[in-house]
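**Student:** Quick one: structure below, then a few questions.
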Amino acid sequence: MEVARRRGFVWPSSEIYGSIAGFIDYGPLGAMLKRNVENLWRSFYVFQEGYYEIECPTVGNEAIFVASGHVKEFADKMVQCPHCGEYLRADHIAEENGIENAGTLSAEALQAALYELPCPSCKEPLGEAGVFAFNLMFQTTIGPGSQRKGYLRPETAQGIFTDFSRLLRFYRDKLPFGAVQIGKSYRNEISPRQGMIRLREFSQAEAEIFVHPDRKDHPAFHRYADYTAPLLTIARQLDGQEPAAMTMRAAVDEGVIANEYVAYYIALTHRILTAIGVDPVKLRFRQHLIDERAHYAADCWDAEVYSGRFGWVEIVGIADRTNYDLRSHAGHSGTSMTVFMPYDEPKRVVKRRITADMGVLGPRYRGKAKAIADALAASEPGEDGARVTVDGEEFFIPADLYQVREEEVEVRGEEVMPHVIEPSYGIDRMIYVALEHSYAEEEVEGEIRKVLRLPPAVAPIQVAVFPLMNRDGLETVAQTITERLTQCRILAQYDDSGAIGRRYRRQDEVGTPFAVTVDYETLEDNTVTVRDRDSMEQVRIPIERLPEVLSALISGAATFREIRA
Ligand code: AMP
């Protein structure tokens with residue numbers, strides 16, 4: 001983090017006024033790294049999967065979050081130290097003191113567990129300090145007069161759910177389809193003491209994939225069927241075992257992962273996290289325990305990454321949320337959130353049709369007659385008549401005022417409420433673990449070399465260009481090369497200050513994977529050296545081949561070893 005701060009990756013926010021925990025600034029290199037991580041994510045979810053991106057406001061009106069359950073439920077258990085007044089997250093204190101799965105305990109159980117434990121701030125025992133729920137949403141008012149309550153969104157997902165009907169039309173009324181959103185989310189975390197891991201304003205990348213409830217076979221499952229990922233299943237957690245590597249096909253066949261969709265996104269997540277520089281040895285997929293997972297979820301897995309500083313950290317959540325979100329929004333908004341699924345062949349079914357005798361109903365019930373007839377049509381009549389309710393008023397309609405007929409009708413399909421598969425990524429956490437895992441200090445020729453082994457696809461600067469000396473025309477050639485590379489959309493940085501060795505070290509420290517050096521030989525034969533950050537080996541190539549060779553190296557189409565060969 002010292003390197004990250006010094007070299008312009010991450011800074012505390014509004015430092016000159018005293019920064020507030022839970023807010024960070026991305027400096028020039030950090031912002032570039034973040035953009036690259038987001039674009040890599042897009043290359044999978046938007047390009048490969050074909051799930052279009054949408055962009056919704058970060059402020060939402062209250063009704064959205066009443067329907068989503070956040071107003072009522074999105075709370076953490078908090079305790080205030082009776083001695084020093086510090087607000088603390090009750091489950092975190094319990095877990096830091098060895099109480100497992102404290103997040104699943106009730107307020108009463110947590111309070112009992114905390115009784116003897118010391119406040120992390122003043123070290124006094126917490127004693128009778130009451131545990132209570134604290135809603136994590138930032139509340140605001142919309143417009144003057146404070147009439148309309150709003151919230152900063154605590155996740156990006158809700159915008160996709162509220163746009164469901166429009167998305168369905170966009171995707172031509174067919175399942176499955178998906179939409180993604182990358183953007184800021186806000187949670188008023190109680191005591192964020194974990195740097196980039198627990199922020200009050202952070203970026204999420206979420207995908208909501210709408211699938212037929214009975215068809216959870218992913219149409220492109222073959223892509224990842226043989227992909228292996230380390231799975232820490234419920235059973236293995238209960239037995240105190242380590243994760244076991246399994247192919248996605250085996251995990252689905254053996255019922256370890258609920259369905260192909262969830263398995264597919266576990267594999268995809270493994271690919272994305274390793275592609276940004278997460279060490280695969282420090283990555284596992286942990287299944288939520290039954291009492292940890294939301295009551296409506298069919299299955300839920302967290303991608304967890306081991307951090308030397310914070311232990312195992314949840315980076316991504318992958319859940320089968322069933323139809324919980326659509327059902328809640330349909331109920332609260334009165335909007336239909338179903339999809340008409342035509343049958344392969346129309347079916348003939350026998351239906352009961354109830355037709356009211358309007359000649360009698362009309363004069364008897366006047367303005368309400370039509371509503372009563374409609375209610376009658378949907379009713380379950382008894383032998384002597386039917387009871388119906390209209391505008392909260394109950395009516396008994398005797399059997400001689402309507403006719404019941406059985407009819408064979410043709411049914412072309414059915415209305416289905418889709419289930420939602422949701423992979424939800426925390427971008428800032430991805431960046432933190434990529435930085436932590438990429439960073440190394442090694443001895444080179446008696447000196448410590450600090451190197452950030454970020455994969456070329458996410459490194460903020462892709463190529464450094466150096467003139468060996470800042471004279472004799474070497475600098476002009478190097479500047480021309482820098483311009484040429486930039487025109488080819490390669491992020492190149494020109495640097496002519498200090499000894500060449502120091503310039504290499506500076507670029508190693510910020511993760512620049514390749515460096516081009518212009519020397520006196522260049523003036524004779526138009527070749528330059530390209531140096532590889534990780535092996536520190538060099539190869540000489542003609543200037544005109546630079547864009548092609550560097551593009552291949554950055555995209556991963558070629559390795560440095562292949563170029564040298
Ligand atoms: P959740 O909706 O809680 O499952 O969050 C989805 C993802 O967002 C998590 O896996 C984290 O990577 C990320 N996330 C959640 N809360 C925070 C936070 N306070 N700071 C940074 N990232 C977070």
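The values are calculated or read from the model by the stated rules, or taken from the named source; none is laboratory data. The model shown is predicted, which means the values in this text are computed figures rather than measured ones. Ideal geometry is used to build each Cβ from the backbone, glycine not excepted, and the neighbour counts take in all protein chains shown. Only protein heavy atoms, including side chains, enter the accessible area calculation; ligands, DNA and RNA are left aside. Shrake-Rupley method; radii C 1.70, N 1.55, O 1.52, S 1.80 Å.
**Student:** So, in the range 520-565, exactly how many residues are out of contact with any strand residue (DSSP E or B) (no Cβ under 7 Å at 6 or more places or on another chain) and surrounded by 16 or more Cβ atoms within 10 Å (Cβ to Cβ)?
**Tutor:** The qualifying residues number 3.
**Student:** Residues that are open to solvent by 90 Å² or more (accessible area, probe 1.4 Å): which strands (runs of 3 or more DSSP E) entirely in the range 339-399 hold 2 or more of them?
**Tutor:** Details: elements: 339-356, 385-390, 393-398.
Because the criterion is at least 2 residues that are open to solvent by 90 Å² or more (accessible area, probe 1.4 Å), the strands (runs of 3 or more DSSP E) in the range 339-399 that meet it are 339-356.
**Student:** Yes or no: the range 196-207 includes at least one residue that is on the phi > 0 side of the Ramachandran plot and at pLDDT below 95.
**Tutor:** No - not one qualifying residue is present in the range 196-207.
**Student:** Determine, yes or no, whether Tyr45 is of a type outside the set (D, E, K, R), buried (at least 16 other Cβ atoms within 10 Å of the Cβ), in contact (Cβ under 8 Å) with a residue 12 or more places away in the chain and within 28 Å of Ala457 (Cβ to Cβ). Steps first, answer last, please.
**Tutor:** Details: of a type outside the set (D, E, K, R): yes; buried (at least 16 other Cβ atoms within 10 Å of the Cβ): yes; in contact (Cβ under 8 Å) with a residue 12 or more places away in the chain: yes; within 28 Å of Ala457 (Cβ to Cβ): yes.
Answer is yes for this residue.
**Student:** Look at Arg284 and say whether it is among the basic types (Lys, Arg) and at pLDDT below 95.
**Tutor:** Against the criterion (among the basic types (Lys, Arg) and at pLDDT below 95), Arg284 does not qualify.
**Student:** Still on this structure, please answer the following. Just need a number here: residues in the range 114-161 that are within 16 Å of the ligand (Cβ to nearest atom), part of a loop (DSSP other than H, G, I, E, B) and open to solvent by less than 10 Å² (accessible area, probe 1.4 Å).
**Tutor:** Number satisfying all stated conditions: 3.
**Student:** Go through the residues of the range 248-256 one by one and say whether even a single one is touching a Lys or Arg at 6+ places or on another chain (Cβ under 6 Å) and open to solvent by less than 50 Å² (accessible area, probe 1.4 Å).
**Tutor:** Within the range 248-256 (the criterion being touching a Lys or Arg at 6+ places or on another chain (Cβ under 6 Å) and open to solvent by less than 50 Å² (accessible area, probe 1.4 Å)), the answer is no, since none of the residues qualifies.
**Student:** Among the residues of the range 6-31, what is the count of those that are assigned to a helix (DSSP H, G or I), more than 23 Å from the chain's Cα centre (by Cα) and under 15 Å from Arg506 (Cβ atoms)?
**Tutor:** 2
**Student:** Limited to the range 178-189, what total is found for residues that are over 18 Å from Ala31 (Cα atoms) and within 10 Å of the ligand (Cβ to nearest atom)?
**Tutor:** 4
**Student:** Within the range 400-415, track down each residue that is open to solvent by 70 Å² or more (accessible area, probe 1.4 Å) and assigned to a strand (DSSP E or B). Before the answer, list the steps.
**Tutor:** Let us first name the residues in the range 400-415 that are open to solvent by 70 Å² or more (accessible area, probe 1.4 Å), namely 400, 403-406, 408, 410, 412, 414-415.
Result: Gln403, Val404, Arg405, Glu406, Glu408, Glu410, Arg412, Glu414, Glu415.
**Student:** Determine whether the range 169-180 contains at least one residue that is touching a residue at least 60 places away in the same chain (Cβ under 8 Å), out of contact with any helix residue (DSSP H, G or I) (no Cβ under 6 Å at 6 or more places or on another chain), surrounded by fewer than 20 Cβ atoms within 10 Å (Cβ to Cβ) and in a helix (DSSP H, G or I).
**Tutor:** Yes, some residue in the range 169-180 is touching a residue at least 60 places away in the same chain (Cβ under 8 Å), out of contact with any helix residue (DSSP H, G or I) (no Cβ under 6 Å at 6 or more places or on another chain), surrounded by fewer than 20 Cβ atoms within 10 Å (Cβ to Cβ) and in a helix (DSSP H, G or I).
**Student:** If you go through the range 283-337, how many residues are within 21 Å of the chain's Cα centre (by Cα), more than 14 Å from the ligand (Cβ to nearest atom) and hydrophobic (A, V, I, L, M, F, W, C)?
**Tutor:** Of the residues in that region, 3 qualify.
**Student:** If you go through the range 252-291 one residue at a time, how many are without any contact (Cβ under 8 Å) to a residue 12 or more places away in the chain and not in a helix (DSSP H, G or I)?
**Tutor:** Residues in the range 252-291 being without any contact (Cβ under 8 Å) to a residue 12 or more places away in the chain and not in a helix (DSSP H, G or I): 2 in total.
**Student:** Can you pull out the residues in the range 494-536 that are over 16 Å from Ala459 (Cα atoms) and among the charged types (D, E, K, R)?
**Tutor:** Asp495, Asp496, Arg502, Arg503, Asp519, Glu521, Glu524, Asp525
**Student:** Residues that are without any contact (Cβ under 8 Å) to a residue 24 or more places away in the chain and among the small types (Gly, Ala, Ser): does the range 501-515 have at least one?
**Tutor:** Within the range 501-515, one or more residues are without any contact (Cβ under 8 Å) to a residue 24 or more places away in the chain and among the small types (Gly, Ala, Ser).
**Student:** If you don't mind, another one. If you go through the range 135-155 one residue at a time, do you hit one that is among the small types (Gly, Ala, Ser) and in contact with a Leu (Cβ under 6 Å, 6 or more places away or on another chain)?
**Tutor:** First pass over the range 135-155, keeping only residues among the small types (Gly, Ala, Ser): 143, 145-146, 150.
Filter once more, so that each one left must be in contact with a Leu (Cβ under 6 Å, 6 or more places away or on another chain): none.
No: zero hits.
**Student:** How many residues does the range 292-320 contain that are without any contact (Cβ under 8 Å) to a residue 40 or more places away in the chain, surrounded by fewer than 15 Cβ atoms within 10 Å (Cβ to Cβ) and assigned to a loop (DSSP other than H, G, I, E, B)?
**Tutor:** Summing the residues that are without any contact (Cβ under 8 Å) to a residue 40 or more places away in the chain, surrounded by fewer than 15 Cβ atoms within 10 Å (Cβ to Cβ) and assigned to a loop (DSSP other than H, G, I, E, B) in the range 292-320 gives 2.
**Student:** Another question about this same structure. Regarding Ala434, is this residue within 16 Å of the ligand (Cβ to nearest atom) and of a type in the set (Gly, Ala, Ser)?
**Tutor:** Numbers: within 16 Å of the ligand (Cβ to nearest atom): yes; of a type in the set (Gly, Ala, Ser): yes.
For Ala434, the condition - within 16 Å of the ligand (Cβ to nearest atom) and of a type in the set (Gly, Ala, Ser) - is met.
**Student:** Also, quick follow-up: Among the residues of the range 53-73, is there at least one that is open to solvent by 50 Å² or more (accessible area, probe 1.4 Å), aromatic (Phe, Trp, Tyr) and in contact (Cβ under 8 Å) with a residue 40 or more places away in the chain?
**Tutor:** No - not one qualifying residue is present in the range 53-73.
**Student:** Considering only strands (runs of 3 or more DSSP E) fully contained in the range 36-104, which possess at least 2 residues that are in contact with a helix residue (DSSP H, G or I) (Cβ under 8 Å, 6 or more places away or on another chain)?
**Tutor:** Details: elements: 59-61, 75-80, 87-89.
By residue number, 75-80.
**Student:** Please identify the pairs in which a residue from the range 345-359 that is free of Cβ contacts under 8 Å to residues at least 60 places away in the same chain has its Cβ atom under 6 Å from the Cβ atom of a residue that is open to solvent by 100 Å² or more (accessible area, probe 1.4 Å) and assigned to a strand (DSSP E or B), counting only partners at least 6 apart or on another chain.
**Tutor:** So the pair list comes out as Val350/Glu406; Val350/Glu408; Arg352/Glu406; Arg353/Arg405; Thr355/Gln403.
**Student:** Could you list, ordered by first residue, the pairs with Cβ atoms under 6 Å in which the first is in the range 225-240 and open to solvent by 40 Å² or more (accessible area, probe 1.4 Å) and the second is of a type in the set (A, V, I, L, M, F, W, C) and assigned to a helix (DSSP H, G or I), at least 6 apart or interchain?
**Tutor:** Qualifying pairs under 6 Å: Tyr227/Met248; Tyr227/Ala267.
**Student:** Also, quick follow-up: Pick from Phe221, Phe202: which is among the hydrophobic types (A, V, I, L, M, F, W, C) and either buried (at least 20 other Cβ atoms within 10 Å of the Cβ) or within 16 Å of the ligand (Cβ to nearest atom) (or both)?
**Tutor:** From the options Phe221, Phe202, the qualifying one is Phe202.
Here is a yes/no grid of residues against (1) exposed (fewer than 14 other Cβ atoms within 10 Å of the Cβ); (2) among the small types (Gly, Ala, Ser); (3) in contact with a helix residue (DSSP H, G or I) (Cβ under 6 Å, 6 or more places away or on another chain):
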{"position": "Met417", "(1), (2), (3)": "no, no, yes"}
{"position": "Gly426", "(1), (2), (3)": "no, yes, no"}
{"position": "Ser438", "(1), (2), (3)": "no, yes, no"}
{"position": "Ile448", "(1), (2), (3)": "yes, no, no"}
{"position": "Arg453", "(1), (2), (3)": "no, no, yes"}
{"position": "Val465", "(1), (2), (3)": "no, no, yes"}
{"position": "Ala478", "(1), (2), (3)": "no, yes, no"}
{"position": "Gln487", "(1), (2), (3)": "yes, no, no"}
{"position": "Ile490", "(1), (2), (3)": "no, no, yes"}
